[in-house]
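One structure below.
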Amino acid sequence: AGSDDLITRTLRTHGKFEVEVANAARKILSQVDPGNVLDIGANIGCFTVPLATDFPDHLFISFEPQRTVYRHLVCNLVLNRLDNVDAHQMALGEETKTVTLTVPNYSAETNVGGFSLDPQVRDTIGTTVGNEETIIVTTLDSLTIKNIRLIKIDVEGLELSVIKGALTTLENNNYPPILFESWGQFDWWTDRNNELQEFIKSLGYTITRVTKNDYLATR
C-alpha cells in the first residue's frame, strides 16, 4: 500500500489506529485465560500487532485476503518479532468458494482497507482500479478452531456472512465476545446494519457501542 493510505498515514502520524477497539479488546483479553484471538480483516496488522505484543500468551489468527496487504501484514509480524500470530491470505464468509475481483491500485489508493467483496459496498463506495486477483473464501466453521477468546470482524460489509459461516464455531466456543464493524452513519446501510445486529442478538448476545461504527457483542 502507498504511504498515503489511510491506515498507514494514521499509524505514521499517531502510532495507533482505532484505539477504542484495541482498548475494548485489551479489557477482554486481560480477564481470560490464554487462547486464540481471531482478527478477520486484519489489513496490515493494526489490531493484531499491538495486541499480540501486549498479550504474548494468546495466539492471534489473522485473515487478510488482499495479496499485497497480506504481504505487508507478514512483514509487520516479522519486524515486530511476533511468534504468536498465524496469518492467512484468505477471506471468511458464509460458504467456501473462490472469487475473482479487481483489487485497488495500491500505488494510488488512499483507503486500501475500503476494499470489499460485497457487491453493494463495491458499487456504492468502491476503490481505485488495479489488477484482478482470485481470492479464496472459506468458512470459519471449516477451520474448527478451539479455545477462542475473542473475535474481531472488520470485513467491509460482509460481517453477517462471516458470522453465518461461523455458527458451529461460536457454539463450540461458548459464544466468545465479538468486536465488529457496521456503518451507522450511512443511510444506504441502515437496513443491513439492523439485520446484522438483530442476527447477532438472536444468538443471545448483548451489543454495546464502542465507536460510531464499532460494536462489542457479549454473552
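The values are calculated or read from the model by the stated rules, or taken from the named source; none is laboratory data. As the structure is a prediction and not an experimental result, all values here were calculated from the model. Note: ideal-geometry Cβ built from the backbone for every residue, glycine included; neighbour counts use all protein chains shown. To get the accessible areas, we keep the full protein, side chains included, count just its heavy atoms, and leave off ligands, DNA and RNA. Shrake-Rupley method; radii C 1.70, N 1.55, O 1.52, S 1.80 Å.
A search for C-beta distances below 8 Å between a residue of segment 67-85 that is among the hydroxyl-bearing types (Ser, Thr, Tyr) and any residue that is modelled with pLDDT of 95 or more and open to solvent by less than 20 Å² (accessible area, probe 1.4 Å), counting only pairs 6+ apart in sequence or on different chains, returns Tyr70/Glu64.
Within segment 1-32, being among the charged types (D, E, K, R) and either open to solvent by 20 Å² or more (accessible area, probe 1.4 Å) or modelled with pLDDT of 95 or more (or both) holds for Asp4, Arg9, Arg12, Lys16, Glu18, Glu20, Arg26, Lys27.
Beta carbons closer than 6 Å, at least 6 apart along the sequence or on distinct chains, pair a first residue in segment 142-157 that is on the phi > 0 side of the Ramachandran plot with a second that is modelled with pLDDT under 95 and buried (at least 18 other Cβ atoms within 10 Å of the Cβ) for Glu156/Ser116; Glu156/Val121; Gly157/Ser116; Gly157/Asp118; Gly157/Val121. In the condition set (1) touching a strand residue (DSSP E or B) at 6+ places or on another chain (Cβ under 7 Å); (2) within 22 Å of Asn23 (Cα to Cα), Leu92 is compliant with all but (2).
Counting only strands (runs of 3 or more DSSP E) that fall entirely inside segment 117-206 and contain at least 1 residues that are open to solvent by less than 50 Å² (accessible area, probe 1.4 Å), at pLDDT 95 or above and within 26 Å of Glu20 (Cα to Cα), the qualifying elements are 148-153, 178-181.
Find the residue count for segment 164-186, including only residues that are under 12 Å from the mean Cα position of the chain (by Cα) and farther than 16 Å from Ser116 by Cβ. Of the residues in that region, 2 qualify.
If you go through segment 207-219 and keep only what is assigned to a loop (DSSP other than H, G, I, E, B) and basic (Lys, Arg), you end up with Lys212, Arg219. Among the residues of segment 33-49, those that are under 8 Å from the mean Cα position of the chain (by Cα) and either farther than 14 Å from Asp154 by Cβ or open to solvent by 10 Å² or more (accessible area, probe 1.4 Å) (or both) comprise Gly41, Asn43.
If you go through segment 74-99 and keep only what is open to solvent by 80 Å² or more (accessible area, probe 1.4 Å) and β-branched (Val, Ile, Thr), you end up with Val78, Thr96, Thr98. I'd like the residue in segment 103-116 that is assigned to a loop (DSSP other than H, G, I, E, B) and among the aliphatic types (A, V, I, L, M) and, out of all such residues, is most open to solvent (accessible area, probe 1.4 Å). Going through the qualifying residues, I end up with Ala108.
On the given criteria, is Ala52 under 26 Å from Asn174 (Cα atoms), in contact with a Leu (Cβ under 7 Å, 6 or more places away or on another chain) and in a helix (DSSP H, G or I)? Answer is yes for this residue. Scanning for something under 12 Å from the mean Cα position of the chain (by Cα) and either part of a loop (DSSP other than H, G, I, E, B) or modelled with pLDDT under 90 (or both), does segment 90-102 turn up at least one residue? Checked against the condition, which is being under 12 Å from the mean Cα position of the chain (by Cα) and either part of a loop (DSSP other than H, G, I, E, B) or modelled with pLDDT under 90 (or both), segment 90-102 yields at least one hit.
Sub-7 Å Cβ pairs linking a first residue in segment 180-205 that is within 14 Å of Val155 (Cβ to Cβ) to a second residue that is at pLDDT 95 or above and of a type in the set (Gly, Ala, Ser), at least 6 apart or interchain, are Phe180/Ala217, ordered by first then second residue.
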